[in-house]
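*Asks:* Just dropping this structure here.
The values are calculated or read from the model by the stated rules, or taken from the named source; none is laboratory data. Keep in mind that this is a model prediction, so the values were computed, not measured. Cβ placement follows ideal geometry from the backbone for every residue including glycine, while neighbour counts extend to all protein chains displayed. When the accessible area is computed, the model is the full protein with side chains, heavy atoms only, and any ligands, DNA or RNA have been set aside. Shrake-Rupley method; radii C 1.70, N 1.55, O 1.52, S 1.80 Å.
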Amino acid sequence: MPSPDTAQREADLYSTAEPVVNAAGRSIARTCIISFVGSKPAQSKHARIRQTLIDEIASGRYDAGQRLPSESALVKTFGVSRPTVNRVLRELQLAGLIDRRAGSGSYVRADAAAQGFVFGLLIPELGRTEIFEPICRGMADAQHGSRHVLLWGASLTDGANLEEQASQACRQLVARNVSGVFFAPLELTPEKDAINRRIASVFDRAAIPVVLLDRDLVPYPARSHYDLVGIDNRRAGYVLAAHLLQHGCRRLAFVGRPGSAPTVDARINGYREALTDAGLAPNVCRIDPADRAQVKAALRKPRPDGFVCANDYTAAQLLRTLEGLKVSVPRDVRLAGVDDVKYASLLPVPLTTIHQPCAELGTMAIAAMLERLGHPKMPPRDVLVDFRLVVRASCGSLKH
């Protein structure tokens, strides 16, 4: 479960409806106004009132031109001060959702509830996998001429009842009659494939289109029938391996955790291809990088002189374990990861990695969903956004 600090950051991110100004100088809301379905992180009173009113406008509880409850009524309903209510109403006015008329009250704008679609977000690993927060920010910043509402599905927590949690989250989104769902399939649990398929089938039966984020929900190289937005993971694996080979590695291994997402299998295939092209034998280690005994076994003959890691989290754990085993990075072994998460440059040895363009991925996810809604019979597509290699000290090509 996310920490309280993480939960508060998520609350701040997903309850924002900051105004922007278009080319005509008119104040409009961001494309995505995001709310929660199910379990919610703790929010300030101000954020809770604002989000409640946004949800009610988006859901049609208040029709275009309808008067909102008076300030005094809102004060009584939410148990807050009048300045807090006044601040909320000012922000909704700036966001283009309401008109405030002196002596009369606040009224829903004619275009506030009908400018865009309502989409669901189902991302079980938010707070644990760092790429999803900036991807969601990219969605929130995407401008496609309309305001779209994103409803946050209940988070799935660790435990034996993952299937029931997933089923409940799906039912909640279907009950809200969302126009489409953005789904990042679950990984690193034995039941992940079955759970992911059941989640998708719920939306299929409800005729709700699904756009997958970052990964497919079937094992590589199989392909589901959903649009997928991500990077070319096979090429990413090849690029990382080729970079380490160019810097002297000849016994290059790949490290990934058992039960990882299909993206990791694609990265492994790119790694294998790079080693084959170089006339070298691949060495894939499916281990827990935090397990000292497993890492020690992976260091036996032929002792690797470099590791391509499935992602930055794996690389960070491996770096710590190697330090405990008195194996120096990059002197004894070189290291690289994937994602370029916030802490990658702050590790004891800054990490060479593939930078995922998360904001662009979020923008393209919105675009892919809109195209799917407009052309529902299109064949499923991989929408791939380019990445870049970020070179730091862990690969040995820079001085540490």
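*Asks:* Report, in listed order, any pair from 342/377; 192/296; 192/342; 192/377; 45/342 with a Cα-Cα distance greater than 32 Å.
*Replies:* 342/377
*Asks:* Sticking with this one: Given a Förster distance of 25 angstrom, what is the FRET efficiency for residue 101 paired with residue 56, based on the Cβ-Cβ distance and rounded to 0.05?
*Replies:* It comes out at approximately 0.85.
*Asks:* Next question. For residue 340, enumerate residues with amide H under 5 Å from its amide H, sequence gap 5+ or separate chain, H modeled in the peptide plane.
*Replies:* Residues meeting the criterion, in which the H sits 1.01 Å from N, are 312, 354, 356.
*Asks:* Report, by chain and number, residues whose modeled amide H sits under 5 Å from the one on residue 218, excluding near sequence neighbours (fewer than 5 apart, same chain).
*Replies:* Under 5 Å from the amide H of residue 218: 224.
*Asks:* Among all the aspartates and glutamates, which ones have a C-alpha under 20 Å from residue 301's C-alpha, if same-chain residues fewer than 8 places away are not counted?
*Replies:* Cross-link targets: 288, 291, 323, 332.
*Asks:* What percentage of the solvent-accessible surface of the stretch 162-250, computed with a 1.4 Å probe over protein heavy atoms, is contributed by carbon and sulfur atoms?
*Replies:* Details: 1850 of 3600 Å².
For the stretch 162-250, the apolar C and S fraction of the accessible surface comes to 51 percent.
*Asks:* In the stretch 163-322, with Lys and Arg counted as +1 and Asp and Glu as -1 at Cβ, which of these residues, 221, 280, 239, has the Cα nearest the positive end of the dipole, that is, farthest along it?
*Replies:* With unit charges placed on the Cβ atoms, the residue in question is 280.
*Asks:* Additional query: Ignoring ligands, DNA and RNA, how do 139, 364 rank by accessible area with a 1.4 Å probe, largest first?
*Replies:* So the residues, ranked largest to smallest area, are 364, 139.
*Asks:* Also: Taking H as built 1.01 Å from N, whose amide H comes closer than 5 Å to the amide H of residue 254, not counting residues under 5 places away?
*Replies:* So residue 254 has HN proximity to 283, 284, 285, 308.
*Asks:* Report the accessible area of residue 141, computed with a 1.4 Å probe over the heavy atoms of all protein chains in place, in Å² rounded to the nearest 10.
*Replies:* Surface open to solvent at residue 141 totals about 80 Å².
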